[in-house]
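This is the structure I have questions about; it appears just below.
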Amino acid sequence: MKIAILSGKGGTGKTTLSVNLFSYLNKATLIDTDVEEPNSHLFLKGETIKEEGVFKKYPLVNDDLCNYCGKCSDFCNFNAIIPAKKKVLVFQDLCHDCGGCALVCPTDAISYIDKEIGKIIYKQIDKNKLFLYGNLTVGEISGVKIIETLKKSTQNEELLLIDSPPGTSCSTVAAIDGADYCIICAEPTPFGLSDMKMVVELLRADNQNFGVVVNKSNLGNDDIFKYLENEKIELLERIKFDREFASILADGKLLINHSEYFKNKMANIARKVLGDKYDQ
Amino acid sequence: MKIAISSLENNENSKVSDRFARTEYFVIYDHEALSFTSIENTAKSAGSGAGGKAVKILGDLGIDIVLVPELGPKALEALEAFEIKSYQYPREKTVREVLYLYFEKKLPELLISTSKGRH
Amino acid sequence: MINEIVIISGKGGTGKTSLTASIIPYFNDLVIADCDVDAPDLNILIQGDTVEEKDFIGFQRPIINYDKCNYCGLCHTSCNFNAISEDIIINESACEGCKVCEYVCPTNAITMHDTVIGKIFHRKTVFGPMIDARLIPGEESSGKLVAEVRKLAREVAYKENRNTIIIDGSPGIACNVISAITGVSKAIIVTEPTISGLHDLKKVVHLIKMFSVEAKVIINKYDLSLSKAKEIKKYLDLMGIETILEIPFDIEIVNSISNLQIPSTTNIPFFTSKKWFEFIEYLRK
């Protein structure tokens, strides 16, 4: 069973929901696929058991074989390879690793070498809980490859929670690909509603099953609840905003350990989505 | 000797551009023929790597010198590889004015990057 | 020279868009550029009228002519993005438009076609022209769309002789953010006093330093955790970055947004403070 937790807008509480739900369950694996700005690890204490690099390839030109014909440069859609007077320039950070330049090279002058674009860190939280997160190196353009590696490394887990990147771009699509159920974390403001609609559009186009948790439900207005009712989207739970919660979160603590209210909310969400098999 | 200047329009009286790789035009001055020509910069719409592409266009035209507002690290690397020298002009001038400044040796040569590139 | 100001935040939900909207009423020679193309929310508050709406073609994607296809599978095995399945079906959201499949196809069954990845809007607002865009959910290359929004905003600024562009950036640190910050005059980073806020701030500061952009930081809702706010300030001091504003949490800010009002145009005390006006002055310079 794979459950993705996502939100159109950032800051709605997606990570809070992910780490607390994960901590509430008796057995689960969590991956944080928000590789640009991973935060789940700030709340989860555990031993790092493994670290692995994620690599992409970029071309290396053998100057002895190159005849400066320029075919690689003409083919490259990303302007990552440019033959100059006495050498061929390769801009590693522009390269998408499509393999095209080597294909079109008439003298077989191009081979590929690896470049690390980020890391995946494995943490054992307790004996039934594994947690993985990815971290994209600053200055790299895309984290999709790290997300795909995270998903691949955990494809056989019995219960997998996926903390997804915010928004509706290609990273989000990569993160929720193959999920059995998606939980949207939203907030009842005009911004929150607008961003959630984009997520709903994405999930419907992808034929995903999903429900919504409205966080900070006592702020803003009722428009989001009306929208959910009109669209017949399941409202999984409402969670109130509380200054007390904000200061617990600010210090990187888990809300379920400090608030019965919050713990009950996690229990309800878990039961609605998973049944009682994974109850604490 | 051919000199290319990034400019907003296609003639020597045009204002110079405040961008290099995504400038609208390059006005080209041929010092042997004493004539001006221009090309539209097709690199400007590149999704990524406009700097390298613009330099390749100029390199293929046999340009020796470029007069620019600023350069990204990729454009600078590419200019060096094409053995094209680059000099920085002040903003808000015309193509003709910056060319005079160049011949009066009043423009600084660019050797390290003055700006960073975009993806 | 045009004064281009970008407002960004590593972490989402820190109040970046509310702050951007709050700055806008203080400028009279403005072009507004909403570059948060995944979540373009500025117009919800600004409420501009759409003057023009057009499709944005991000790149070219393959289309397969199945009458010509002999199912040899070369496109499938050659694609480094797993965008063509074994039974030769294209997974659009994985495709990066490299055209390797077109090149390897022995029967010329694959051709590349323009792909719309988003929509761009020109709007007229009471504060000046606005350009914003919306990425089609699931599309990639938001960096390109951001670059296009900035380009159009510059064109409008040149044409109408407007000297300020305010850019609402997107959260994160990837291509869309890089596109939003390159070549700007000033960057304002909005953060919040949480462990995540500080963590994400560090990554954005790293990015800002790589691109040598002048940056200052606003700690929003600073009083939700005074200790974290202090920790953030200490970090910024160490990095030589000024904390230019600390904004207290005020439920009225949330309420004003719910009522579709720009927070700084309501009677919230903070927006009449000396600090706020000094900040606006800094932006104007």
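Among the residues that make up the range A:186-206, is at least one of them touching a residue at least 40 places away in the same chain (Cβ under 8 Å), buried (at least 22 other Cβ atoms within 10 Å of the Cβ) and over 30 Å from C:Glu252 (Cα atoms)?
no
Look through the range A:234-261, keep the residues that are within 17 Å of A:Ile5 (Cα to Cα) and open to solvent by less than 20 Å² (accessible area, probe 1.4 Å), and return whichever of them is nearest to the other protein chains (Cβ to nearest Cβ).
Once the filter is applied, the top-ranked residue is A:Ile239.
Ok, one more. Can you tell which of C:Glu246, C:Glu252 is open to solvent by 30 Å² or more (accessible area, probe 1.4 Å) and either within 27 Å of C:Ser185 (Cα to Cα) or in a strand (DSSP E or B) (or both)?
C:Glu246
May I ask you to list the residues in the range C:91-106 that are touching a Lys or Arg at 6+ places or on another chain (Cβ under 8 Å) and either open to solvent by 40 Å² or more (accessible area, probe 1.4 Å) or at pLDDT 95 or above (or both)?
Correct list: C:Glu92 only.
So B:Val68 ticks every box in (1) open to solvent by less than 20 Å² (accessible area, probe 1.4 Å); (2) within 14 Å of chain A (Cβ to nearest Cβ); (3) within 12 Å of the chain's Cα centre (by Cα) but one. Which box is left unticked?
Looking at each condition in turn, B:Val68 falls short on (2).
Let me ask something else about it. Has the range C:64-72 got any residue that is surrounded by fewer than 18 Cβ atoms within 10 Å (Cβ to Cβ), modelled with pLDDT of 95 or more, touching a Pro at 6+ places or on another chain (Cβ under 8 Å) and under 29 Å from A:Gly178 (Cβ atoms)?
yes
Inside the range C:112-126, can you point out the residues that are surrounded by fewer than 19 Cβ atoms within 10 Å (Cβ to Cβ) and in contact with a strand residue (DSSP E or B) (Cβ under 9 Å, 6 or more places away or on another chain)?
Within the range C:112-126, C:Met112, C:His113, C:Asp114, C:Val116, C:Lys119, C:Ile120, C:His122, C:Lys124, C:Thr125 qualify.
Only one residue in C:Asn3, C:Asn70 is free of Cβ contacts under 8 Å to residues at least 40 places away in the same chain and away from chain A (no Cβ under 13 Å). Which one?
C:Asn70
Restrict the check to the range B:20-30 and report whether at least one residue is within 30 Å of C:Gln60 (Cβ to Cβ), among the β-branched types (Val, Ile, Thr) and in contact with a helix residue (DSSP H, G or I) (Cβ under 9 Å, 6 or more places away or on another chain).
Yes, some residue in the range B:20-30 is within 30 Å of C:Gln60 (Cβ to Cβ), among the β-branched types (Val, Ile, Thr) and in contact with a helix residue (DSSP H, G or I) (Cβ under 9 Å, 6 or more places away or on another chain).
Same structure, new question: If only one of C:Ala33, C:Ala109, C:Ala21, C:Ala39 is crowded, with 23+ Cβ neighbours inside 10 Å, in contact (Cβ under 8 Å) with a residue 24 or more places away in the chain and away from chain A (no Cβ under 14 Å), which one is it?
Selected residue: C:Ala33, the only one of C:Ala33, C:Ala109, C:Ala21, C:Ala39 that is crowded, with 23+ Cβ neighbours inside 10 Å, in contact (Cβ under 8 Å) with a residue 24 or more places away in the chain and away from chain A (no Cβ under 14 Å).
Here's a follow-up. Those residues that are under 22 Å from the mean Cα position of the chain (by Cα) and under 21 Å from C:Lys230 (Cα atoms), I need them from the range A:241-276; list them, please.
Once the filter is applied, which keeps residues that are under 22 Å from the mean Cα position of the chain (by Cα) and under 21 Å from C:Lys230 (Cα atoms), the range A:241-276 yields A:Leu249, A:Ala250, A:Gly252, A:Lys253.
Right, next: Name the one entry in B:Ala43, B:Ala33 that is surrounded by 18 or more Cβ atoms within 10 Å (Cβ to Cβ) and either away from every other protein chain (no Cβ under 14 Å) or among the aliphatic types (A, V, I, L, M) (or both).
Just one listed residue meets the conditions, B:Ala43.
Can you tell me which residues in the range B:1-27 are of a type in the set (A, V, I, L, M, F, W, C) and closer than 14 Å to B:Tyr102 by Cα?
The answer is B:Met1, B:Ile3, B:Ala4, B:Ile5, B:Val16.
Tell me which residues, restricted to the range A:43-56, are within 14 Å of chain C (Cβ to nearest Cβ) and surrounded by fewer than 17 Cβ atoms within 10 Å (Cβ to Cβ).
Answer for the range A:43-56, where residues must be within 14 Å of chain C (Cβ to nearest Cβ) and surrounded by fewer than 17 Cβ atoms within 10 Å (Cβ to Cβ): A:Lys45, A:Phe55.
So that you can scan it fast, the table gives a plain yes or no per residue for (1) open to solvent by less than 40 Å² (accessible area, probe 1.4 Å); (2) at pLDDT 90 or above; (3) more than 8 Å from every other protein chain (Cβ to nearest Cβ):
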| position | (1), (2), (3) |
| --- | --- |
| B:Ala50 | yes, no, no |
| B:Asp60 | no, yes, yes |
| B:Gly72 | yes, no, yes |
| B:Leu99 | yes, yes, yes |
| B:Glu104 | no, yes, yes |
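Which pairs do you get when a residue that is of a type in the set (Val, Ile, Thr), found in the range A:234-250, comes within reach of a residue that is open to solvent by less than 50 Å² (accessible area, probe 1.4 Å), reach meaning Cβ atoms under 7 angstrom, with the pair 6+ apart or on two chains?
A:Ile239/A:Val213; A:Ile239/A:Asn215; A:Ile239/A:Ser217; A:Ile239/A:Lys265; A:Ile248/A:Leu255
Which of the following residues is more than 14 Å from chain A (Cβ to nearest Cβ), among the aliphatic types (A, V, I, L, M), crowded, with 23+ Cβ neighbours inside 10 Å and touching a strand residue (DSSP E or B) at 6+ places or on another chain (Cβ under 8 Å): B:Val55, B:Val27?
Exactly one of B:Val55, B:Val27 is more than 14 Å from chain A (Cβ to nearest Cβ), among the aliphatic types (A, V, I, L, M), crowded, with 23+ Cβ neighbours inside 10 Å and touching a strand residue (DSSP E or B) at 6+ places or on another chain (Cβ under 8 Å), namely B:Val27.
Out of C:Ser227, C:Ser196, C:Ser170, I need the residue that is in contact (Cβ under 8 Å) with a residue 60 or more places away in the chain and in a helix (DSSP H, G or I). Which one?
Result of the check over C:Ser227, C:Ser196, C:Ser170: C:Ser196.
Yes/no matrix, rows are residues, columns are (1) in contact with a strand residue (DSSP E or B) (Cβ under 7 Å, 6 or more places away or on another chain); (2) at the interface with chain A (Cβ under 10 Å from one of its Cβ atoms); (3) not aliphatic (A, V, I, L, M):
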{"residue": "C:Ser170", "(1), (2), (3)": "no, yes, yes"}
{"residue": "C:Lys216", "(1), (2), (3)": "yes, no, yes"}
{"residue": "C:Ser225", "(1), (2), (3)": "no, yes, yes"}
{"residue": "C:Lys230", "(1), (2), (3)": "no, no, yes"}
{"residue": "C:Lys234", "(1), (2), (3)": "no, no, yes"}
{"residue": "C:Asp237", "(1), (2), (3)": "no, no, yes"}
{"residue": "C:Asp250", "(1), (2), (3)": "no, no, yes"}
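Another question, if that's okay. Can you give me the number of residues within the range C:151-176 that are at pLDDT 90 or above, open to solvent by less than 30 Å² (accessible area, probe 1.4 Å) and polar (S, T, N, Q)?
Qualifying residue count, the range C:151-176: 1.
Of the residues C:Lys144, C:Lys209, only one is facing another protein chain (nearest Cβ under 7 Å), basic (Lys, Arg) and either surrounded by fewer than 19 Cβ atoms within 10 Å (Cβ to Cβ) or part of a helix (DSSP H, G or I) (or both); which?
Among C:Lys144, C:Lys209, only C:Lys144 is facing another protein chain (nearest Cβ under 7 Å), basic (Lys, Arg) and either surrounded by fewer than 19 Cβ atoms within 10 Å (Cβ to Cβ) or part of a helix (DSSP H, G or I) (or both).
If A:Leu136 satisfies every condition in (1) surrounded by fewer than 24 Cβ atoms within 10 Å (Cβ to Cβ); (2) closer than 30 Å to A:Leu60 by Cα but one, which is the exception?
(1)
How many residues does the range C:258-278 hold that are assigned to a helix (DSSP H, G or I) and either within 24 Å of the chain's Cα centre (by Cα) or not acidic (Asp, Glu) (or both)?
Of the residues in the range C:258-278, 12 are assigned to a helix (DSSP H, G or I) and either within 24 Å of the chain's Cα centre (by Cα) or not acidic (Asp, Glu) (or both).
Something else: If you take the residues of the range C:177-195 that are within 11 Å of chain A (Cβ to nearest Cβ) and open to solvent by 10 Å² or more (accessible area, probe 1.4 Å), which of them is nearest to C:Arg150 (Cα to Cα)?
Out of the qualifying residues, it is C:Glu192.
Moving on. In this structure, does A:Lys145 turn out to be of a type in the set (Lys, Arg), within 14 Å of the chain's Cα centre (by Cα) and under 22 Å from C:Ile178 (Cα atoms)?
Judged against the criteria, A:Lys145 is a match.
Okay, moving on. May I ask you to verify whether C:Lys54 is farther than 27 Å from C:His206 by Cα and of a type in the set (Lys, Arg)?
Spelling it out, C:Lys54 is indeed farther than 27 Å from C:His206 by Cα and of a type in the set (Lys, Arg).
Looking at the range C:114-131, can you tell me whether even one residue there is in contact with a helix residue (DSSP H, G or I) (Cβ under 7 Å, 6 or more places away or on another chain) and modelled with pLDDT under 95?
Looking through the range C:114-131, at least one residue is in contact with a helix residue (DSSP H, G or I) (Cβ under 7 Å, 6 or more places away or on another chain) and modelled with pLDDT under 95.
The values are calculated or read from the model by the stated rules, or taken from the named source; none is laboratory data. On a predicted model such as this, the values are computed, not experimentally measured, just so you know. Here the Cβ is made from the backbone with ideal geometry for all residues, glycine too, and neighbour counts use every protein chain on show. Surface areas here come from the heavy atoms of the whole protein model, side chains and all, with no ligands, DNA or RNA. Shrake-Rupley method; radii C 1.70, N 1.55, O 1.52, S 1.80 Å.
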